[in-house]
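Colleague: If you scroll down you'll find the structure; I have some questions about it.
Read-outs: derived from the displayed coordinates by stated rules, not from any lab. A quick note: this is a predicted structure, and the numbers were derived from the prediction, not measured. Here Cβ is always computed from backbone atoms with ideal geometry, including for glycine, and neighbour counts include all displayed protein chains.
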Amino acid sequence: MSTPVIEEVTLAERAHRIRRNALLMGEVQGQGYIGQALDIADVLAVAYFGAMNYRPEDPQWEDRDRFLLSNGHYAIALYAALFEAGILPQEELETYGSDDSRLPMSGMASYTPGMEMSGGSLGQGLTIAVGRGLGLKRKGSKSFVYTLFSDGELDEGSVWEGLMSAAHWKLDNLIAMVDVNNQQADGPSTQIMAFEPLVEKLEAFGWYVQRVNGNDIDAVKRAFDNARTSKEAKPRIIVCDTKMGCGVPFLEQREKNHFIRVDADEWQLALEALEAGRQA
Ligand SMILES: Cc1ncc(C[n+]2csc(CCOP(=O)(O)OP(=O)(O)O)c2C)c(N)n1
Ligand SMILES: [Mg+2]
């Protein structure tokens with residue numbers, strides 16, 4: 001009898017596959033929130049393969065950690081991770097964004113296994129995560145609630161209410177990530193609404209705060225480890241500085257990259273560029 005070979009997959013390889021899945025989905029539509037999927041892939045790789053507790057075959061498992069995607073337009077990024085995690089079957093990838101697909105362009109909880117909240121209207125995920133975190137705590141659950149939101153959502157008052165109430169309730173089971181790619185629909189986020197100094201503001205709101213290069217996967221892993229194991233009776237937040245289009249140099253340089261159209265012949269070039277940068 002031969003010994004089964006258990007594949008050791010690095011976090012960097014997970015992130016690579018998440019980026020590739022996102023490009024393949026983008027190609028189906030010819031356009032989309034591709035830059036964001038590429039910038040947040042490292043964070044999602046660490047969340048799904050280095051932090052969260054879940055059962056791919058049972059996405060509603062009671063003791064799972066929850067992942068709430070606040071920025072619904074990042075659905076393509078989360079689907080890419082859910083495919084890699086085995087929560088979504090790979091053969092559905094090509095249905096992305098089409099009629100009757102379980103993968104609409106904005107996250108919908110009732111459509112997609114592993115999608116814990118519906119998005120689209122920005123600025124809501126953190127407050128929903130506060131409710132989930134409080135409910136789980138009161139039930140004595142050991143599960144964490146993770147939530148991802150974007151720097152453009154810092155423009156929304158509801159985010160600051162969520163920040164305040166999470167600290168009030170001492171939600172040490174809540175781990176938030178904010179994607180600071182310094183972009184939003186109308187331009188660079190810091191020019192639309194100044195939010196710095198962000199770390200100081202979040203600390204003043206009562207959070208345990210870390211700030212990392214969100215495309216340095218080892219740094220992201222350390223931040224998640226700290227967030228999970230900290231004994232402070234505070235909610236945790238990881239400010240992730242990321243680069244739009246990360247991993248595909250010609251997309252990193254694209255102007256006005258909130259929603260991009262990519263020419264038919266460029267998808268293959270993007271996949272090749274991604275492959276060329278693949279880490280061993
Ligand atoms: C409440 C609300 N206001 C406005 C919008 C329109 N909108 C969609 S995406 C987006 C940009 C949000 O910023 P961010 O997520 O940082 O942009 P990105 O990094 O994806 O470019 C806006 C304003 C929305 N979906 N919801
Ligand atoms: Mg942004």
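Colleague: Counting Lys and Arg as +1 and Asp and Glu as -1, what is the net charge of the other residues whose Cβ lies under 9 Å from the Cβ of CYS246?
Modeller: Residues near CYS246 contribute -1 overall.
Colleague: Sorted by average packing, counted as other Cβ atoms within 10 angstrom per residue and highest first, what order do 26-33, 78-85, 49-56 take? Don't jump to the answer; show the numbers that get you there.
Modeller: On the way: 26-33: 18.9, 78-85: 26.5, 49-56: 16.1.
Ranked from most to least packed, the peptides come out as 78-85, 26-33, 49-56.
Colleague: Can you list the lysines whose alpha carbon sits under 26 Å from that of LYS170, skipping same-chain ones fewer than 8 residues off?
Modeller: Qualifying lysines at Cα under 26 Å: LYS137, LYS139, LYS142, LYS201, LYS221, LYS231, LYS234.
Colleague: What longest range of the chain stays clear of loop-exposed trypsin sites (Lys or Arg not before Pro) (DSSP non-H/G/I/E/B, at most 11 other C-beta within 10 angstrom)? Can you show the working numbers first?
Modeller: Details: sites that count: LYS139, LYS142, LYS231, LYS256.
After excluding every exposed loop site, the longest remaining stretch is 1-138.
Colleague: In addition: Tell me the Kirkwood hydrodynamic radius of segment 98-211 in angstroms, computed as one over the mean inverse distance between distinct C-alpha pairs.
Modeller: In segment 98-211 this quantity evaluates to 15.3 Å.
Colleague: Same structure again: Counting alpha carbon pairs within less than 8 Å and at least 6 residues apart, what relative contact order, in whole percent, applies to segment 11-276?
Modeller: On the way: 519 pairs, mean separation 62.0, N = 266.
Over segment 11-276, the number comes to 23 percent.
Colleague: Please list the non-local residues whose amide H lies under 5 Å from the amide H of ASN181, H modeled 1.01 Å from N, same-chain partners needing a gap of 5 or more.
Modeller: Residues meeting the amide H criterion: ASP151, THR242.
Colleague: Right, next: By average Cβ neighbour count within 10 Å, what is the ranking of 123-129, 265-271, 194-200 from highest down?
Modeller: 123-129, 265-271, 194-200
Colleague: Let me ask another. For labels at THR10 and ARG138 in the simple 7 Å Cα→Cβ model, what's the distance in nm?
Modeller: Between THR10 and ARG138, the label points sit 4.6 nm apart.
Colleague: Ok, one more. For PHE259 paired with THR95, estimate the spin-label separation in nm (one decimal), with each label point 7 Å from Cα along the Cα-to-Cβ line.
Modeller: If labels sit at PHE259 and THR95, their model points lie 2.4 nm apart.
Colleague: Explain nothing, just the number: relative contact order of segment 184-252, from Cα pairs under 8 Å at least 6 residues apart, as a whole percent. Don't skip to the answer; put the middle values down first.
Modeller: Values: 63 pairs, mean separation 20.6, N = 69.
Relative contact order comes out at 30 percent.
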